[in-house]
Each structure stands twice: as C-alpha cells, then as structure tokens.
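Participant: One structure, as structure tokens, below. Some questions next.
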Amino acid sequence: MDTPTQASPEVDSQTRAWLEKLVAFDTTSRNSNLALIETVRDALAGQGIAATLVHNAGRNKANLFATLPAQDGGTQGGIVLSGHTDVVPVDGQDWSSDPFVVQERDGRLYGRGTCDMKGFIAAALALVPEFLAMPRKKPLHLALSYDEEIGCAGAPYLLADLRERGIRPEGCVVGEPTGMQVVVAHKGINVFRCRVHGKAAHSSLTTQGCNAIEHAARLICHIRDLADAYRANGPYDTFYDVPFSTLTTNQIQGGIAVNTIPDACEFSYEFRNLPGMSPQDIQADIQRYVSEQLLPRMRAEFPEARVDIEAGAAAPGLEASEQAAITSLVRALTRDTATRKVAYATEAGLFQGIGIPTVVCGPGHIVQAHKPDEYVALDQLAACIGFLRRIGQSL
C-alpha cells in the first residue's frame with residue numbers, strides 16, 4: 001500500500017488535466033465510451049497524429065489506435081502503450097466525493113478509474129508532445145480499448161484490425177495497476193452462461209415436473225468439485241497468490257413461486273486457468289458431465305429437457321518470455337528483476353496471442369481498484385511519467 005505523500009512536482013499540469021478530463025467521462029462498461037475516444041482522437045489530430053477508430057457492432061463504443069511515427073516517418077515495429085477506457089460501476093458504493101470528479105487528498109488523486117486505469121492513459125497522452133519531439137528511430141503506438149472490465153470484449157476487434165492492416169509492433173506494455181512493478185504472467189479468464197430447461201408443475205405433483213433448479217444445482221456442485229480437485233491436486237504455480245486454477249459460480253436465477261416446480265434456471269460460472277492449461281479441456285469436462293450424467297437424469301423425468309451453455313467473455317492468460325526484448329527493456333527501465341504473476345486477467349494475453357510480446361506495468365495497486373474512493377498515489381503517477389518518458393527515449 002502507498003503511504004500518503006505530498007504532491008510531486010513531477011506530476012505535471014498536463015497529466016493532471018488529462019486525468020481530470022478522462023475521469024469526468026462516465027465510461028462504466030454499460031455506457032458508451034465514444035465521447036472519451038473522440039476527445040482523444042481530436043487532441044491527437046491537433047498534434048498531427050491520425051487515429052484509427054474500431055467500433056463495436058452498435059457503433060456506440062470504439063477502440064482507438066494511433067501511431068507516433070519514427071523520425072524518418074516509419075510506422076512498423078516500435079512499442080504499444082495499451083490501456084482500457086471503461087471502468088466498473090459505482091452503484092451502491094459509499095464515496096467520500098464525486099467519483100467522476102478528481103479530488104486530491106493526502107498525496108492521492110481520487111476518482112473512478114484513476115487507478116484502473118486512466119492514470120496510465122493520462123500520463124501517456126500528456127507525454128505525446130515530448131514523444132513527438134524525440135529523435136526516435138522507431139514508432140510509438142497508443143492503443144485504447146473498450147469493455148475490458150466485462151471480459152476484454154473490445155480489444156480483439158482492435159487487434160484484428162492491426163492484423164488486417166499489417167501493423168506489427170515489436171512489444172507492448174499494458175498499463176494495468178501493478179505498483180509500477182513488472183508483471184510477466186497472469187491467468188486466463190473464461191465466462192459461461194448456463195440455462196437449464198425442465199418442466200413446470202404444481203409443487204405437490206413432483207412426478208409431473210422436472211425441477212430445473214435442482215438439476216442446475218447438480219451441475220453447480222460438479223463445477224465446485226472440479227475447483228476442489230484443482231486446489232487439492234494442482235497443477236500449481238507458486239508465483240501466483242492463488243497458485244492453482246479456480247472455478248466459481250457467481251450468479252443464479254430461477255423459479256417463479258414457492259409452490260411451483262421451476263421449468264428454468266440460469267446461472268453464470270467462470271474459471272481462471274493457469275497459462276499452459278487448456279481452457280477447452282476444463283470446459284470439456286463440464287460438458288461431459290452434462291451429456292453423460294445430468295441430461296440422462298433430467299430426460300428420465302422429461303424427455304424434452306435440455307441444458308444450453310453459452311460462452312461469454314474470454315481472455316487468454318499471459319506468460320511473457322524473459323528473452324523478449326520488451327521484457328528486458330521494461331525490467332531495465334524499472335530496475336525490477338523479480339518474477340510476479342497475478343490472478344486477475346488483462347488484455348496482455350490477447351496482444352501476446354497475435355505475436356506481440358507483452359508485459360504489464362502501470363501506476364497504482366489492484367487493491368485500490370473497483371472500490372469506493374479508488375485512488376492513484378501521486379508518487380505512483382510520477383513514477384509512471386518517468387517510466388513512459390524513458391520508453392520513448394529508448395526508441
């Protein structure tokens with residue numbers, strides 16, 4: 001955790017202004033992020049930088065990708081600075097101040113997204129004039145995404161556009177809050193929605209119905225049994241705070257009345273797999289239980305019973321190579337040689353998945369994110385500014 005410090009003169013007025021501007025946009029994932037994205041696009045255009053927007057199907061959200069060319073105009077290679085623009089809700093949280101107005105108290109800047117992860121984006125945008133003035137031999141790229149907080153849903157479209165346009169950066173830094181320490185690995189995340197369909201009946205006539213809630217409970221218990229098996233038997237990676245793959249059921253709905261056998265039950269579950277473990281294999285075990293054990297029991301009661309499982313958000317794990325140039329560079333610039341792996345997911349695995357070596361390093365700490373009175377410490381933001389400036393100079 002940070003100890004309160006006095007304001008650092010290294011946190012310049014431009015970074016503060018950008019952070020205040022970014023936080024003022026309520027980019028909770030359920031909302032549009034276009035006002036923020038278009039503001040950034042226009043600011044870059046005013047500095048001679050053309051940005052490409054990649055919209056979602058409804059065209060109410062967009063990713064942004066912009067290249068600051070090398071001194072000779074080259075746009076290939078170089079490094080991506082990547083951040084997501086969406087934030088989690090403030091609903092029901094007890095904030096000490098308006099979550100969408102940055103407030104400074106005791107050496108900290110409070111507001112939704114200051115830590116996760118608009119502080120990193122603000123620092124990068126504030127440094128654009130400096131980056132442009134540097135005699136860089138390689139380009140520097142900015143990537144801003146939407147819907148990271150609901151399963152990294154927007155970044156795949158941005159990356160598909162890069163592939164289509166033949167843009168091949170040599171490395172990427174995802175600026176999630178890590179305390180400005182290097183994170184070289186994180187787990188993958190996979191979310192599923194399951195709908196169990198039985199048959200309704202009066203609760204006094206149990207033999208005439210097929211209780212969807214009770215059969216859903218069998219599947220939920222199987223998912224818990226799988227989780228217990230991974231906890232007991234591994235595989236393990238002790239660099240993680242939770243050193244094994246996890247599975248949890250986190251939402252459930254079903255039933256219409258206390259005296260009616262429910263014909264439907266829906267629930268959501270997720271698993272977070274260690275890199276190197278196949279998420280397809282984990283899901284195949286769940287599907288096998290459904291087809292071989294659950295459905296036969298249900299259809300003995302109601303031949304038309306069924307179980308539908310729909311894949312939702314998914315993001316692959318990250319396992320950065322220590323031999324990759326971006327890993328060596330970021331370690332050198334931060335003077336950090338420790339091995340750190342985290343259980344939360346980021347977009348880093350997506351970049352790595354299309355052949356862009358990636359590490360995670362950004363201001364703030366994950367324990368300060370998503371909660372009321374989210375903040376980034378001024379010394380963390382100052383450290384980020386210095387780090388990003390050195391990345392530009394390294395090019």
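Participant: Quick one: 3J(HN,Hα) in Hz for region 214-222, Karplus 6.51/-1.76/1.60 with θ = phi - 60°, rounded, Gly and Pro as x.
Facilitator: Listing the rounded values in order: 5, 6, 4, 4, 4, 5, 4, 5, 5 Hz.
Participant: Once label points are set 7 Å from the Cα along Cα→Cβ at both residue 231 and residue 259, what is their separation, rounded to one decimal in nm?
Facilitator: 4.0
Participant: Using a 1.4 angstrom probe on heavy atoms only, work out the carbon and sulfur share of the accessible area of the chain in %. Write out the running numbers ahead of the final one.
Facilitator: Details: 8590 of 17090 Å².
C and S fraction of accessible area: 50 percent.
Participant: Using alpha-carbon pairs under 8 Å, 6+ residues apart, how would you state the relative contact order of region 188-315 in percent?
Facilitator: Details: 241 pairs, mean separation 55.2, N = 128.
Computed value for region 188-315: 43 percent relative contact order.
Participant: With a 10 Å cut-off between alpha carbons and a GNM built on the chain, which of 166, 83, 355 moves the most?
Facilitator: The residue that fluctuates most here is 166.
Participant: Specify the residue with the greatest mean-square fluctuation among 291, 145, 82, computed from a Gaussian network of the chain linking alpha-carbon atoms under 10 Å apart.
Facilitator: Among 291, 145, 82, the largest GNM mean-square fluctuation belongs to 291.
Participant: For region 49-167, what does the relative contact order come out to in percent, with C-alpha contacts under 8 Å and a separation of six or more? Mind showing how you got there, number by number?
Facilitator: Working: 174 pairs, mean separation 48.2, N = 119.
Worked out over region 49-167, it gives 41 percent.
Participant: How large is the dipole of the chain about the Cα centre if only Lys and Arg carry +1 and Asp and Glu carry -1, each at its Cβ, rounded to the nearest 20 debye? Walk me through the numbers before you get to the answer.
Facilitator: Working: 35 positive and 45 negative charges, 143 e Å.
The calculation lands at about 680 debye.
Participant: Over the chain, what is the relative contact order in percent, taking alpha-carbon pairs closer than 8 angstrom and at least six residues apart?
Facilitator: Details: 876 pairs, mean separation 100.1, N = 395.
Relative CO of the chain lands at 25 percent.
Participant: Given a 1.4 angstrom probe, what's the average accessible area per residue across the chain, in square angstrom?
Facilitator: Numbers: 17090 Å² over 395 residues.
Result: 43 Å² per residue.
Participant: Could you list the residues of region 58-88 with an amide nitrogen less than 18 Å from a label point located 7 Å from the Cα of residue 168 in the Cα-to-C-beta direction?
Facilitator: So the set is 70, 74-80.
Participant: Right, next: Given N residues in region 12-76, what is Rg(Cα) / (2.2 N^0.38 Å)? Please report the intermediate quantities before stating the final value.
Facilitator: Numbers: Rg = 13.7 Å, N = 65, 2.2 N^0.38 = 10.7 Å.
So region 12-76 has a normalised radius of gyration of 1.27.
Participant: Below 22 Å, Cα to Cα, which lysines can residue 21 reach? Residues fewer than 8 away in the same chain don't count.
Facilitator: Partners found: 61, 118, 371.
Participant: If the reach is capped at under 17 angstrom between alpha carbons, list the aspartates and glutamates near residue 137, excluding any in the same chain fewer than eight residues apart.
Facilitator: Those aspartates and glutamates meeting the cut-off are 72, 170.
Participant: What do you get for Rg/Rh over region 281-324 if you use C-alpha atoms and the Kirkwood form of Rh? Write out the running numbers ahead of the final one.
Facilitator: Numbers: Rg = 17.5 Å, Rh = 13.4 Å.
Rounded to two decimals, Rg over Rh is 1.31.
Participant: So, one more: Ordered by residue, what ³J(HN,Hα) values in Hz, to whole numbers, does region 189-199 give under the Karplus form 6.51 cos²θ - 1.76 cosθ + 1.60, where θ = phi - 60° and Gly and Pro are x?
Facilitator: Working through the residues one at a time gives 10, 9, 10, 9, 10, 10, 10, 9, 10, x, 9 Hz.
Participant: What residue among 363, 243, 316 has the largest mean-square fluctuation in a Gaussian network model of the chain, using Cα springs under 10 Å?
Facilitator: Most flexible of the set in this elastic network: 243.
The values are calculated or read from the model by the stated rules, or taken from the named source; none is laboratory data. What you see is a predicted model; the values in this text were computed from it and never measured. Counting neighbours? That spans all protein chains shown, and the Cβs are built from the backbone with ideal geometry, glycine included. Heavy atoms of the whole protein, side chains included, go into the accessibility calculation; ligands, DNA and RNA do not. Shrake-Rupley method; radii C 1.70, N 1.55, O 1.52, S 1.80 Å.
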